[in-house]
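Reviewing the structure listed below.
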Amino acid sequence: QHPCSVVPNRGSIMARLFLAVAMVSLLCLPGLAQPAPAPADSTEQDDDSTQPAEKEATTAPKPSKEELAKQALSRATEAHKEALKHADDAIKKLKAFVHLLDDHADAKTAASGLEESAQKDVEKSTEDAENTFRSRLRTLVKSGSGGDSKEVAAAAKKANRAAKDVELSAGDDKAKAMRKQRNHIQKATKEEAHTLAREAREGAHAAVKAAHTLERAQRHAGVKEDIYERALDRNERIGEGMEDQAQDLQDKAEDKIERYFGTVEGRVEPLEDDAREEAAKHLAEERGAVRGATKQAGEEAEKVRMAAKKAAAEAKAEAKAAKAKEAAAAAVPTEVAPEAKDATKAADGASPDGANAAGAFAGGASSGGSWPTAFAAATRPVPLVGAAGLLVFAAAAVAFPAALRMRRTVREAPLLG
């Protein structure tokens, strides 16, 4: 045989196969032949864990223009639906508000509520006015004890003013409070109507704007022109119709507000008149009480004044009598000489009043007595009382010098002859 034609045995064939497998393993799995790397820290591990996600993100395929257009179309469609829903809700609220204004039967309840609220507002001021009136009425009743009619008149004036304050608080102030509250509610209602109408108009305008955005998204998404144009026209009509409807509802609401509160005013005005009438009746009663108290105080003051006047007159009369008594006592001497007493008796028997006094004085002087003694006898007290006695005393004093001169003239003439 040829040496090259020698057939290898089975063992050599297996050895060669094993060697071939080992070579392939070394070539295909190089990592198995390398030593294991040292364990890295947690930070490096986190970085290694995020790297595949970043690689996937960077390697993810970008959406196409068609997909982007579809996504924009979806968002525009949802936005348009939301805008329409918002506008429709605002319109419904405005309609419901206008419908409430149609309920004129509630005007009576509203008027009653206004009256109750106004009563609460003026309750404190009315109570204070009533307390002030009662206090001044008591002062008026007591004012007569001083006996001064001016004080009584001033107290009555204050009491009448307090009664008028009660009337104003219970009548005019209550009516003004009802009118003020009605105007306030009417203003607030108009403002609410304006707010609802504005929200409805803004919602409708937003719906129209969203319709244009939807039209552009449809065009970019490849929707047929006739389709998106028809959709835009329809959406514009809906939005613009909502705007017009909101304006119409606002005008309608304003008209209804005017009519409604006109009805409320018609219900409130009789209540205002009733409040004023009731307050006027109460004022008449209080003024009647003031008149009664004024009369009572005036009578009391008159009694006090008359009593004071009587006491003053009595005191004046007593003082005058005492003064006269003191003057009379001072004019009479304490002791009278015997010869004066005799002269006085002779004068009393000869002539009455002042003539006796003059004769007694002349007799005393002619009989050789001293003239003071004769004067004392001539001026003795006369049994008269008060002013009459004083007049007699003055007449005697005047007659004394004349009697003296006459006596001397009559007795001296014979001596000279």
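Among the residues examined, Arg179 does not qualify as open to solvent by 50 Å² or more (accessible area, probe 1.4 Å), more than 18 Å from Glu265 (Cβ to Cβ) and charged (D, E, K, R). For segment 182-201, what are the residues that are without any contact (Cβ under 8 Å) to a residue 60 or more places away in the chain and either closer than 19 Å to Asn235 by Cα or in contact with a Gly (Cβ under 8 Å, 6 or more places away or on another chain) (or both)? The answer is Arg201, and nothing else. Scanning segment 215-255 for residues that are open to solvent by 90 Å² or more (accessible area, probe 1.4 Å) and within 16 Å of Thr195 (Cα to Cα) gives Asp244, Asp248, Lys252.
Of the residues screened, Ala211 is one that is under 23 Å from Arg75 (Cβ atoms), part of a helix (DSSP H, G or I), of a type in the set (A, V, I, L, M) and over 47 Å from the mean Cα position of the chain (by Cα). Looking across segment 302-334, just one residue is outside any helix (DSSP H, G or I) and open to solvent by 100 Å² or more (accessible area, probe 1.4 Å), and that is Thr334. Across segment 256-280, the number of residues qualifying as of a type in the set (Ser, Thr, Tyr) and buried (at least 19 other Cβ atoms within 10 Å of the Cβ) comes to 1. For segment 48-62, does any single residue satisfy the condition of being at pLDDT 80 or above and not aliphatic (A, V, I, L, M)? Looking through segment 48-62, at least one residue is at pLDDT 80 or above and not aliphatic (A, V, I, L, M). Among the residues of segment 182-214, just one is surrounded by 20 or more Cβ atoms within 10 Å (Cβ to Cβ) and over 30 Å from Ala253 (Cα atoms), namely Leu214.
Assess whether Lys187 counts as being within 42 Å of the chain's Cα centre (by Cα) and part of a helix (DSSP H, G or I).
Values: within 42 Å of the chain's Cα centre (by Cα): yes; part of a helix (DSSP H, G or I): yes.
Considered against the rule, which asks whether it is within 42 Å of the chain's Cα centre (by Cα) and part of a helix (DSSP H, G or I), Lys187 comes out as yes.
Scanning segment 220-233 for residues that are among the basic types (Lys, Arg) and either under 13 Å from Lys70 (Cβ atoms) or not in a helix (DSSP H, G or I) (or both) turns up just one, Lys224.
Would you point out which residue out of Lys150, Lys120, Lys158, Lys108 is among the charged types (D, E, K, R), open to solvent by 60 Å² or more (accessible area, probe 1.4 Å), assigned to a helix (DSSP H, G or I) and modelled with pLDDT of 90 or more? Steps first, answer last, please.
Values: Lys150 fails: modelled with pLDDT of 90 or more; Lys120 fails: modelled with pLDDT of 90 or more; Lys108 fails: modelled with pLDDT of 90 or more.
After applying the criteria, what remains is Lys158.
The values are calculated or read from the model by the stated rules, or taken from the named source; none is laboratory data. Remember, predicted model here, so these are calculated numbers, not experimental data. Please note: Cβ atoms are built from the backbone with ideal geometry, for glycine as well, and neighbour counts cover all protein chains shown. Remember, those area values only see protein heavy atoms, side chains included, never the ligands or the DNA or RNA. Shrake-Rupley method; radii C 1.70, N 1.55, O 1.52, S 1.80 Å.
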